[in-house]
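What follows is a short report on a single structure.
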Amino acid sequence: MENQVPLRHNHYPSTESEYEAELTETENEFAEQLEEVEEKAHKQIQRYLLWGSLSVVVNIAMFYLFNSIFGVEYQISNLLAWVFSVQTAFWIDKLLVFKHASDHPFRDMGKFYGTRIFTYILEAVILYVGISLLSFHPTITKVIGHGLAVIGNYFFSKWFIFNNKEHTKA
């Protein structure tokens, strides 16, 4: 689909039936291309949910380990868990989810961390409100906050980091 040449006509329909035939052919071609794009997006979301769950497990497990086992303060535990899970997520998203080939992985990583900072702040605020103000259980609050962050992370990754169409594999 990437190397397709725009539709060019050597003649224009002269009758209504020719016009309808041309229109039907064009609509069918468009429908096939749309179906291909939708299928690719659907597979990408499936890969994100499947492989992305690994970085979620890393994040929640590291938070639990630092906070509940080692007794580290919850915001510091969140930061440490974030570093581990963002590094895990970068390589999973790059190689397995978006299948992004790039000559500049460190530039991609910088953009990746940059967008993750926004969702980290969102998650830190949710933890503060949930734990410090509402006295909710730290791990449960972490799961809720991280769930919202994961949704934001998908769209940031898709739109801003791994969107270079020239380097995207099917």
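Restricting attention to segment 123-138, report how many residues are farther than 26 Å from Gln46 by Cα and part of a helix (DSSP H, G or I).
The number of residues fulfilling the criteria is 11.
Say whether the condition of being out of contact with any strand residue (DSSP E or B) (no Cβ under 7 Å at 6 or more places or on another chain), surrounded by 21 or more Cβ atoms within 10 Å (Cβ to Cβ) and among the aliphatic types (A, V, I, L, M) is met by at least one residue in segment 96-114.
Within segment 96-114, one or more residues are out of contact with any strand residue (DSSP E or B) (no Cβ under 7 Å at 6 or more places or on another chain), surrounded by 21 or more Cβ atoms within 10 Å (Cβ to Cβ) and among the aliphatic types (A, V, I, L, M).
Under 6 Å between Cβ atoms, which residue pairs at least 6 apart in sequence (or on different chains) link something in segment 76-99 that is touching a residue at least 40 places away in the same chain (Cβ under 8 Å) with a partner that is surrounded by fewer than 21 Cβ atoms within 10 Å (Cβ to Cβ) and part of a loop (DSSP other than H, G, I, E, B)?
Close Cβ pairs (under 6 Å, with a partner that is surrounded by fewer than 21 Cβ atoms within 10 Å (Cβ to Cβ) and part of a loop (DSSP other than H, G, I, E, B)) amount to Lys99/Lys169.
What is the number of the single condition among (1) of a type in the set (Gly, Ala, Ser); (2) closer than 19 Å to Arg47 by Cα; (3) modelled with pLDDT of 90 or more; (4) open to solvent by 40 Å² or more (accessible area, probe 1.4 Å) that Ala170 does not meet?
Ala170 satisfies every listed condition except (3).
Given the condition open to solvent by less than 40 Å² (accessible area, probe 1.4 Å), over 20 Å from Val57 (Cβ atoms) and charged (D, E, K, R), answer yes or no: does some residue in segment 142-162 qualify?
no
Each row is one residue, and each column tells you yes or no for (1) within 30 Å of Gln87 (Cβ to Cβ); (2) open to solvent by 100 Å² or more (accessible area, probe 1.4 Å); (3) more than 14 Å from the chain's Cα centre (by Cα).
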{"site": "Glu29", "(1), (2), (3)": "no, no, yes"}
{"site": "Gln33", "(1), (2), (3)": "no, no, yes"}
{"site": "Leu50", "(1), (2), (3)": "yes, yes, no"}
{"site": "Ala61", "(1), (2), (3)": "yes, no, yes"}
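The values are calculated or read from the model by the stated rules, or taken from the named source; none is laboratory data. In this text the structure is predicted, and so the values were computed from the model without any measurement. Reconstructed Cβ throughout: ideal geometry from the backbone, glycine too, with neighbour counts over all protein chains shown. In case anyone asks, the SASA skips ligands and DNA or RNA and just uses the protein heavy atoms, side chains included. Shrake-Rupley method; radii C 1.70, N 1.55, O 1.52, S 1.80 Å.
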